[in-house]
Amino acid sequence: MFILTVEGKESEGAYSIADENGEQVLYIFEDEDDAIRFALLLEDQEYPEMHVIEVDGKVVIKTCELHDYRYSVITKNDIVIPPLENDFI
(Lines give C-alpha, C1' and ligand atoms only; values in the text may rest on other atoms or scores of the structure.)
Protein backbone atom coordinates (compact mmCIF):
# COMPACT_ATOMS: atom_id res chain seq x y z
CA MET A 1 0.00 0.00 0.00
CA PHE A 2 1.06 3.60 -0.50
CA ILE A 3 0.69 6.98 1.20
CA LEU A 4 1.68 10.49 0.17
CA THR A 5 3.97 12.91 1.92
CA VAL A 6 5.43 16.27 1.00
CA GLU A 7 8.80 15.74 -0.72
CA GLY A 8 11.58 16.43 1.79
CA LYS A 9 9.21 16.45 4.76
CA GLU A 10 8.48 12.74 5.01
CA SER A 11 9.16 12.67 8.76
CA GLU A 12 6.54 15.36 9.39
CA GLY A 13 3.56 13.21 8.45
CA ALA A 14 1.45 11.92 5.62
CA TYR A 15 -1.01 13.70 3.35
CA SER A 16 -4.57 13.68 4.60
CA ILE A 17 -7.72 15.42 3.50
CA ALA A 18 -10.45 17.11 5.51
CA ASP A 19 -13.81 15.35 5.21
CA GLU A 20 -17.20 17.08 5.22
CA ASN A 21 -17.01 17.36 9.04
CA GLY A 22 -13.53 18.90 9.00
CA GLU A 23 -11.88 15.71 10.29
CA GLN A 24 -8.61 14.63 8.69
CA VAL A 25 -8.66 11.36 6.74
CA LEU A 26 -5.48 9.57 5.67
CA TYR A 27 -5.61 8.23 2.12
CA ILE A 28 -4.01 4.79 1.80
CA PHE A 29 -3.72 3.70 -1.82
CA GLU A 30 -3.69 0.03 -2.80
CA ASP A 31 -2.08 0.77 -6.17
CA GLU A 32 1.13 2.78 -6.63
CA ASP A 33 0.01 4.17 -10.00
CA ASP A 34 -3.14 5.57 -8.40
CA ALA A 35 -1.08 7.22 -5.67
CA ILE A 36 1.25 8.73 -8.28
CA ARG A 37 -1.67 10.06 -10.33
CA PHE A 38 -3.26 11.62 -7.24
CA ALA A 39 0.08 13.22 -6.30
CA LEU A 40 0.40 14.70 -9.79
CA LEU A 41 -3.13 16.09 -9.57
CA LEU A 42 -2.23 17.74 -6.26
CA GLU A 43 0.91 19.26 -7.76
CA ASP A 44 -1.15 20.59 -10.69
CA GLN A 45 -3.17 22.52 -8.10
CA GLU A 46 0.01 24.13 -6.74
CA TYR A 47 0.51 21.78 -3.82
CA PRO A 48 4.14 21.14 -2.96
CA GLU A 49 5.88 18.25 -4.70
CA MET A 50 4.59 14.99 -3.27
CA HIS A 51 6.43 11.75 -2.51
CA VAL A 52 4.75 8.35 -2.77
CA ILE A 53 5.89 5.97 -0.03
CA GLU A 54 5.25 2.24 0.13
CA VAL A 55 3.98 1.17 3.55
CA ASP A 56 2.76 -1.95 5.28
CA GLY A 57 -0.98 -1.40 5.07
CA LYS A 58 -1.76 -3.50 8.13
CA VAL A 59 0.66 -1.47 10.26
CA VAL A 60 -0.67 1.88 9.02
CA ILE A 61 -4.30 0.85 9.54
CA LYS A 62 -3.57 -0.52 13.03
CA THR A 63 -1.71 2.70 13.92
CA CYS A 64 -4.64 4.80 12.73
CA GLU A 65 -7.06 2.70 14.75
CA LEU A 66 -4.89 2.87 17.90
CA HIS A 67 -4.75 6.67 17.67
CA ASP A 68 -8.40 7.05 16.62
CA TYR A 69 -7.32 8.61 13.31
CA ARG A 70 -9.60 8.30 10.30
CA TYR A 71 -8.35 6.63 7.14
CA SER A 72 -9.66 5.51 3.78
CA VAL A 73 -8.25 2.69 1.69
CA ILE A 74 -8.37 3.75 -1.95
CA THR A 75 -8.81 0.65 -4.09
CA LYS A 76 -8.17 0.22 -7.80
CA ASN A 77 -11.93 0.65 -8.34
CA ASP A 78 -12.16 3.99 -6.52
CA ILE A 79 -11.96 7.40 -8.12
CA VAL A 80 -10.65 10.20 -5.94
CA ILE A 81 -9.81 13.76 -6.91
CA PRO A 82 -8.05 16.43 -4.85
CA PRO A 83 -10.08 19.14 -3.18
CA LEU A 84 -10.77 22.19 -5.32
CA GLU A 85 -9.13 24.57 -2.91
CA ASN A 86 -5.59 24.26 -1.64
CA ASP A 87 -5.97 24.06 2.13
CA PHE A 88 -2.84 22.00 2.64
CA ILE A 89 -0.26 24.77 2.78
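The values are calculated or read from the model by the stated rules, or taken from the named source; none is laboratory data. What you are looking at is a predicted structure, and each value in this text was computed from that prediction instead of being measured. No Cβ is skipped: glycine too gets one built from the backbone with ideal geometry, and neighbour counts run over all protein chains shown. Each accessible area value is taken on the protein alone, full model and side chains, heavy atoms only, with ligands, DNA and RNA left out. Shrake-Rupley method; radii C 1.70, N 1.55, O 1.52, S 1.80 Å.
Using a Gaussian network model of the chain in which every pair of alpha carbons under 10 angstrom is joined by a spring, one finds that among ILE53, ILE79, ILE61 the greatest mean-square fluctuation is at ILE79.
Of the accessible area of the chain, with the probe set at 1.4 angstrom, what percent is carbon plus sulfur? Kindly include the intermediate steps, with their values, before the conclusion.
Working: 2850 of 5930 Å².
It is 48 percent, rounded to a whole number.
For the chain, modelled as a GNM whose springs connect Cα atoms under 10 angstrom apart, the maximal fluctuation among LEU66, LEU26, LEU42 occurs at LEU66. Around the Cα centre of the chain, unit charges on the Cβ atoms of Lys, Arg, Asp and Glu (plus for the first two, minus for the last two) sum to a dipole of about 280 debye.
Solvent-accessible area per residue in the stretch 24-87 equals 69 Å², computed with a 1.4 angstrom probe and all protein chains kept.
What ratio of Cα Rg to 2.2 N^0.38 Å holds for the chain? Please report the intermediate quantities before stating the final value.
On the way: Rg = 12.2 Å, N = 89, 2.2 N^0.38 = 12.1 Å.
With N residues counted in the chain, Rg over 2.2 N^0.38 Å equals 1.01.
Here the label points at ILE81 and ASP68, each 7 Å from Cα along the C-beta direction, are separated by 3.5 nm in the simple model.
How high is the relative contact order of the chain? Use alpha-carbon pairs under 8 Å, at least six apart in sequence, and give a whole percent. Computed over the chain, the figure is 36 percent.
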